[in-house]
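Colleague: Starting off with a structure, shown below.
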Amino acid sequence: MSETITITFDGRPLEARRGESLAAALTAHGVRVLRTTRTRSPRGLFCGMGVCQDCLVEVDGRPNQRACMIKVERPLVARSEAHLRPLPPAPVAAPPVEIGAMRVERPQVLVIGGGPGGLSAAIAAQQAGAHVVLLDERSQPGGQYYKQVALAGDYPPDAQHRDGAALIATAERVGVEIRPNVLVWGAFAPREFVASGAGGTVCFEPQVAIVATGAYERAWPVPGWTLPGVMTTGAAQTLWRTARRLPGRRILIAGNGPLNLQLAAELLSGGAEVVAVAEAAPAPQAGHWRQLLAMTVASPRLVADGLRYHWRRRQGGAAMLHGMIVSRIDPVESGLSVTLSSSDGAGSSRSFLVDTLCLGYGFEPSNEILRALGCGHDYDPERRQLVTRRDPYGRTDVPGVFALGDCTGLGGAKAALAEGAFAGFAAARDLGLARGASEEAHRRRLRRHRDFQRALWALYTAAPFNPALSEPETLICRCEEVTFGDIQEALAEGMTGIGSIKRRTRVGMGRCQGRYCAPVLEALLATRFGKSRDECSGFAPRAPVKPVAIEDMARLQP
Ligand SMILES: Cc1cc2nc3c(=O)[nH]c(=O)nc-3n(C[C@H](O)[C@H](O)[C@H](O)COP(=O)(O)OP(=O)(O)OC[C@H]3O[C@@H](n4cnc5c(N)ncnc54)[C@H](O)[C@@H]3O)c2cc1C
Ligand code: FES
């Protein structure tokens, strides 16, 4: 058992486990509503990874803290609804604030992101003789795939945790300077990065930068998608994999891709009731044998994992519903009423009463730092996402900037590992530190994992979000509470560009910086005006790429 710490939430004392996130502790005590919006709509844990900003609470007097990113390490006082309380009176004569010069650090290699890709690149570059600094906004390295159990005590890690722990230990052993809890919020050409964390705000000007910022999940904007109790598959998985907390008792998982199946197996093993896994793609057919064979050849271990998840799901009594999507979610006394419809619109619909709905319709690359630097991207119509232009070693078209892993277009953890080894070594070579290379093994591994991903996603091919699933009052932009009806009004006024619609409606201007609404709006405009997504400009990434307090921006010295 782990050590417990008493925290309070809105005056109520609650027992938390040392090391878990504030969101995990609150979820365990049944707290669903973490705040309300300007229109007083309730919001709760949604992305669980610091992207959506729906979980903002006040912690020890500091407003706007992400409950999913705050680690409980001491007793703390959390409150909801900071925005409804009056601001304290300003001091009559406030002392002037002096802002000194920003500290500048110039490491040889700066890696942004400590997931499998970033860690692997950092290890390769450091082993080749470079001095590497690795920044990650999370409290622990490992990224999404290698999230570690954050609790001290008797919580045995599984094989995925153990592989991650070994990778982190290697990075530490070879001398990579890992700095957790540091958010990179500014990126300026050619290679300037501004980051804030416990050490204050620092400008990094590395000789080489390696960007490995991963991806976040897509969740379709259907009626009810902002209700507390609706969260991404990754949010639920983070509760379980890092804190051994369940997101609810009676759970429906819906979306597209194998992560949903893995989550079902994990939650069942934790004692949850998973009623069903609704997969948007149709069931595999006999004609899919080529993909299944390619996957087995490329990675028998991942195929075995998949079979194990299916077996666990069946044992646990969770139905597998292929070709079904969530079409609406309604609040009911017992929790949520979730309606599933067939993805081709032909079959009949079904409803489930649950307390938690997990949504995971694939991933969007977190490429805002790369785009802010001016790195070129192309739209991949098959995966419906931007792909970073790179050479085989991960060099982007901006000199001295490498990119790898899921932020360049989803490739999975194993491909990120192999890409990292390539890019880290190439970065060191560009600095004149490494000569020659034993590249062939990495190249073969990368080829295998890319083959695996190609076959996997061919198996999971599903139709994109259909805007007909939304209603005029459905929110497209969670942050600014812009509805599909507002967008239709702007279109009826003759607006055609994403920029003019943004200025007219405020879509994409909120705290998440358009991460959830931009891909939906781009697809909607492309369909309406008969354009390809390549021709849609998208929202321009701007600093700060994630919200940062002015107090932190000005905190130049630790
Ligand atoms: C929520 C989620 C859960 C997943 N779970 C699984 C799973 O269980 N099984 C599976 O096979 N695949 C899973 N995947 C996919 C898999 O995790 C990825 O393919 C793999 O982790 C990619 O590795 P990466 O190094 O590219 O990125 P990631 O592992 O995502 O690592 C990126 C890192 O960058 C950091 N970062 C991002 N932006 C900044 C910034 N501005 N400043 C500082 N740090 C930053 C993040 O905190 C993160 O630690 C998941 C993906 C997501 C999004
Ligand atoms: S749930 Fe915390 S930022 Fe999304």
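Colleague: Return a whole-number percent for the relative contact order of the range 466-558, with Cα pairs under 8 Å and 6 or more residues apart as the contact set. Don't skip to the end; give the middle numbers.
Modeller: Values: 96 pairs, mean separation 21.5, N = 93.
23 percent.
Colleague: Would you be so kind as to identify which of MET295, PRO221, ILE99 lies farthest towards the positive end of the dipole of the chain, taking Lys and Arg as +1 and Asp and Glu as -1 on Cβ and the Cα centre as origin?
Modeller: MET295
Colleague: Any idea which of ILE501, VAL482, CYS512 is furthest toward the positive side of the dipole for the range 471-514, if Lys and Arg beta-carbons carry +1 and Asp and Glu beta-carbons -1?
Modeller: Of ILE501, VAL482, CYS512, it is CYS512.
Colleague: Scale the Cα Rg of the range 4-82 by the rule-of-thumb value 2.2 N^0.38 Å and send over the ratio, two decimals. Don't skip to the answer; put the middle values down first.
Modeller: On the way: Rg = 11.3 Å, N = 79, 2.2 N^0.38 = 11.6 Å.
This ratio for the range 4-82 stands at 0.98.
Colleague: For SER341, what is the net charge nearby, where nearby means another residue's Cβ is under 11 Å from its Cβ and Lys, Arg count +1, Asp, Glu -1?
Modeller: Working: positive: ARG328, ARG350; negative: ASP344.
It works out to a net charge of +1.
Colleague: What FRET efficiency comes out for ARG444 versus HIS322 if R0 is 30 angstrom and r is the Cβ-Cβ distance? Round to the nearest 0.05. Show your work: numbers first, answer last.
Modeller: On the way: r = 34 Å, r/R0 = 1.12.
That gives a FRET efficiency of 0.35.
Colleague: Next question. Restricting attention to the range 407-482, which trypsin sites (Lys or Arg not before Pro) occupy a DSSP loop and are surrounded by at most 12 other Cβ atoms within 10 Å?
Modeller: On the way: sites: LYS414, ARG429, ARG435, ARG443, ARG444, ARG445, ARG447, ARG448, ARG450, ARG454, ARG478; in loops: ARG435, ARG478.
Those satisfying the criteria are ARG435.
Colleague: Give the distance, in whole Å, between the Cα centre of the range 275-329 and the Cα centre of the range 1-34.
Modeller: 34 Å
Colleague: Could you calculate the contour length gain from ARG314 to ARG383, that is, 0.36 nm times the residue separation minus the distance between their Cα atoms, to one decimal place in nm? Mind showing how you got there, number by number?
Modeller: On the way: separation 69, 0.36 × 69 = 24.84 nm, distance 2.92 nm.
Extra length available between ARG314 and ARG383 comes to 21.9 nm.
Colleague: So for the range 466-558, Kirkwood radius off the Cα pairs, Stokes-Einstein at 25 °C and 0.890 mPa s: how many µm² s⁻¹? Display every interim value, and only then the final one.
Modeller: Details: Rh = 14.3 Å.
Taking Rh from Cα pairs, D becomes 172 µm²/s.
Colleague: What ³J(HN,Hα) values, in whole Hz, does the Karplus curve 6.51 cos²θ - 1.76 cosθ + 1.60 give for the range 195-207 when θ = phi - 60°, with x put for Gly and Pro?
Modeller: 9, 10, x, 4, x, x, 9, 10, 9, 9, 10, x, 6
Colleague: Taking R0 as 56 Å, what FRET efficiency do you get between ARG106 and ASP330 from their Cβ-Cβ distance, rounded to the nearest 0.05? Walk me through the numbers before you get to the answer.
Modeller: On the way: r = 55 Å, r/R0 = 0.99.
Computed FRET efficiency for ARG106 and ASP330: 0.50.
Colleague: How big is the accessible area of ARG85 in square angstrom, nearest 10, if you roll a 1.4 angstrom probe over the protein chains?
Modeller: Its heavy atoms expose roughly 80 Å² to the probe.
Colleague: While we're on this one: Scan around PHE363 for amide H atoms under 5 Å from its own, H built in the peptide plane at 1.01 Å from N, and keep only partners 5 or more places away or cross-chain.
Modeller: Here ARG218 satisfy the definition.
Colleague: Cross-link candidates for LYS546: which lysines have Cα within less than 28 Å, leaving aside residues fewer than 8 places away along the same chain?
Modeller: LYS71, LYS147, LYS414, LYS502
Colleague: Expected output is a single nm value to one decimal: the length gained when fully extending between THR527 and ARG18, i.e. 0.36 nm times separation in residues minus the C-alpha distance. What is it? Present the calculation step by step, with values, prior to reporting the outcome.
Modeller: Details: separation 509, 0.36 × 509 = 183.24 nm, distance 4.92 nm.
Contour length minus the Cα-Cα distance gives 178.3 nm.
Colleague: Run the accessible area of the range 247-351 with a 1.4 Å probe and give the carbon-and-sulfur part as a rounded percent. Please list the in-between numbers first.
Modeller: Values: 2740 of 4940 Å².
Here it works out to 56 percent.
Colleague: For the pair ARG504/LEU292, report the inter-label distance in nm, with labels modelled 7 Å from Cα in the Cβ direction.
Modeller: The answer from the label model is 5.0 nm.
Colleague: Within the range 518-539, list the residues whose amide N lies under 15 Å from a label point set 7 Å along Cα→Cβ of SER41.
Modeller: Taking a point 7 Å out along Cα→Cβ of SER41, the residues of the range 518-539 whose backbone N falls under 15 Å are 518.
Colleague: Can you compute the radius of gyration and Dmax for the chain, using only the Cα atoms, both in Å?
Modeller: Calculated on Cα positions, Rg and Dmax stand at 23.0, 77 Å.
Colleague: Can you compute the modelled spin-label distance between ARG162 and VAL77, with each label point 7 Å from Cα toward Cβ, in nm?
Modeller: Result: 4.5 nm between the two label points.
Colleague: Pairs of alpha-carbon atoms within less than 8 angstrom and 6+ residues apart define the contacts here; what relative contact order does the chain have, in percent? Can you show the working numbers first?
Modeller: On the way: 1234 pairs, mean separation 90.5, N = 558.
Answer for the chain is 16 percent.
Colleague: Take the Cβ-Cβ distance between ILE550 and ALA463 as r, set R0 to 56 Å, and report the resulting FRET efficiency rounded to the nearest 0.05. All intermediate terms of the calculation are to be shown ahead of the outcome.
Modeller: Numbers: r = 44 Å, r/R0 = 0.78.
Step by step, r from the Cβ atoms, then E = 0.80.
Colleague: Hey, another quick one. Of GLY118, VAL72, PHE46, which is farthest towards the positive pole of the chain's charge dipole, taken about the Cα centre with +1 and -1 on the beta-carbons of Lys, Arg and Asp, Glu respectively?
Modeller: GLY118
Colleague: How many Å² of accessible area per residue for the chain, probe 1.4 Å? Walk me through the intermediate numbers first.
Modeller: On the way: 23640 Å² over 558 residues.
Accessible surface, normalised per residue, equals 42 Å².
Colleague: Determine the share of the range 4-82's accessible area contributed by carbon and sulfur atoms, expressed in whole percent, with a 1.4 angstrom probe. Intermediate results must be reported in sequence, preceding the final value.
Modeller: Values: 1530 of 3060 Å².
Of the solvent-accessible surface of the range 4-82, carbon and sulfur hold 50 percent.
Colleague: Keeping the other protein chains in place, figure out the carbon and sulfur percent of the accessible area of the range 466-558, with a 1.4 Å probe.
Modeller: That share works out to 51 percent.
Colleague: If you wrap a convex hull around the alpha carbons of the range 240-361, what volume per residue comes out, as a whole number of Å³? Numbers along the way, then the final one.
Modeller: Details: hull volume 13.7 nm³, N = 122.
Once divided by residue count, the hull of the range 240-361 is 112 Å³.
Colleague: Please give the solvent-accessible surface of ARG542 in Å², to the nearest 10, using a probe radius of 1.4 Å with every protein chain present.
Modeller: The accessible area comes out at roughly 150 Å².
The values are calculated or read from the model by the stated rules, or taken from the named source; none is laboratory data. Keep in mind that what you see is a predicted model, and the values were worked out from it rather than measured. Note that we place each Cβ from the backbone using ideal geometry, even for glycine, and neighbour counts take in every protein chain shown. Side chains included, ligands, DNA and RNA excluded: accessible areas come from the protein's heavy atoms. Shrake-Rupley method; radii C 1.70, N 1.55, O 1.52, S 1.80 Å.
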